[in-house]
Amino acid sequence: MRRGRIASYLAMLVLALAACTGGSPGGSSQSPSPGPSGTPGTPAPALHNSPESVVKYWLEPAPAAAGVLERGKWLFRQKGCFLCHGPEGQGGVPNRNYIKDTIPRLALAEQMKLFEPEDVRAILEQMKRGMHLDTLADSPPVPQFNVVLAQYHSIQDVIRKGNPAGKKDPKGPAPPLNMPSWGRELSDADIDALIAYLLSAVPGEEPRGMPGTSGG
């Protein structure tokens, strides 16, 4: 039942993406987003969201003896997160009648108020050791850890409960891409792995999106 639910959801995502981009499910799309150099307006890499690519990632086995970052990367692909959020959470996927037009980048460091690279590394080091951030309140690894922890909980809640995409035109149709709830599919450890992977994958020096506003 669980695998069937995921397969159906991924198939619907492929069709929704085709509707957003005006293409076919087997095609690719490009959208203006910061490129590798951070230049605004640089087209994002083509996203090959064909049924074949979705099935490939869905059937990909979990990496053996994977660390938290490797598991997070696998989950991001296996659960189809890349379809809405783009490769490695880089965003730029069109979403019709969405308030921001395209899905923003899933750069979580700024959302968690981790503005310094060494703070990101400190949090990642704890997560790679399998530490639960909630247990570190008495020995905080970064400044203003209470703020970091509150934002971390907020991101966890959005992944668990989902979040609808805001409408640009209130009278228009609902955006086809919305953040679904993953509370029944992902364990707390899985959610931590996804957060750790995105902290490591998306650079922190550019404007960042957040799961609560991405709608994908």
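The values are calculated or read from the model by the stated rules, or taken from the named source; none is laboratory data. This is a predicted model, so every value here is computed, not measured. All Cβ positions, even for glycine, are placed from backbone atoms using ideal geometry, and neighbour counts span all protein chains on display.
Couple of notes before you dig in:
- When the criteria are applied in full, residue 157 fails the requirement of being out of contact with any Pro (no Cβ under 6 Å at 6 or more places or on another chain), in a helix (DSSP H, G or I), buried (at least 19 other Cβ atoms within 10 Å of the Cβ) and modelled with pLDDT of 95 or more.
- Subset of segment 103-129 (residues that are in a loop (DSSP other than H, G, I, E, B) and among the small types (Gly, Ala, Ser)): 107
- Taking the conditions (1) touching a residue at least 12 places away in the same chain (Cβ under 8 Å); (2) touching a helix residue (DSSP H, G or I) at 6+ places or on another chain (Cβ under 8 Å) in turn, residue 125 satisfies each one other than (2).
A quick yes/no check of all residues on (1) surrounded by fewer than 16 Cβ atoms within 10 Å (Cβ to Cβ); (2) at pLDDT 95 or above; (3) not aliphatic (A, V, I, L, M):
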| position | (1), (2), (3) |
| --- | --- |
| 175 | no, yes, yes |
| 183 | yes, yes, yes |
| 191 | no, yes, no |
| 195 | no, yes, no |
| 198 | no, yes, no |
| 202 | no, no, no |
| 208 | no, no, yes |
| 211 | no, no, yes |
| 216 | no, no, yes |
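- Within segment 134-144, restricting attention to residues that are under 21 Å from residue 193 (Cβ atoms) and not charged (D, E, K, R), the residue that is surrounded by the fewest Cβ atoms within 10 Å (Cβ to Cβ) is 135.
- Residue count for segment 85-98, restricted to those that are over 16 Å from residue 201 (Cα atoms) and in contact with a helix residue (DSSP H, G or I) (Cβ under 8 Å, 6 or more places away or on another chain): 4
Listed here are the residues, each with its yes/no results for (1) in contact with a helix residue (DSSP H, G or I) (Cβ under 9 Å, 6 or more places away or on another chain); (2) assigned to a helix (DSSP H, G or I); (3) modelled with pLDDT of 50 or more.
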position	(1), (2), (3)
26	yes, no, no
35	no, no, no
46	no, no, no
49	yes, no, yes
58	yes, yes, yes
63	yes, no, yes
66	yes, no, yes
72	yes, yes, yes
77	yes, yes, yes
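- Total residues in segment 79-102 satisfying the condition of being assigned to a loop (DSSP other than H, G, I, E, B) and touching a strand residue (DSSP E or B) at 6+ places or on another chain (Cβ under 8 Å): the figure is 7.
- Residue within segment 79-92 that is among the aromatic types (Phe, Trp, Tyr) and at pLDDT below 95 present: yes
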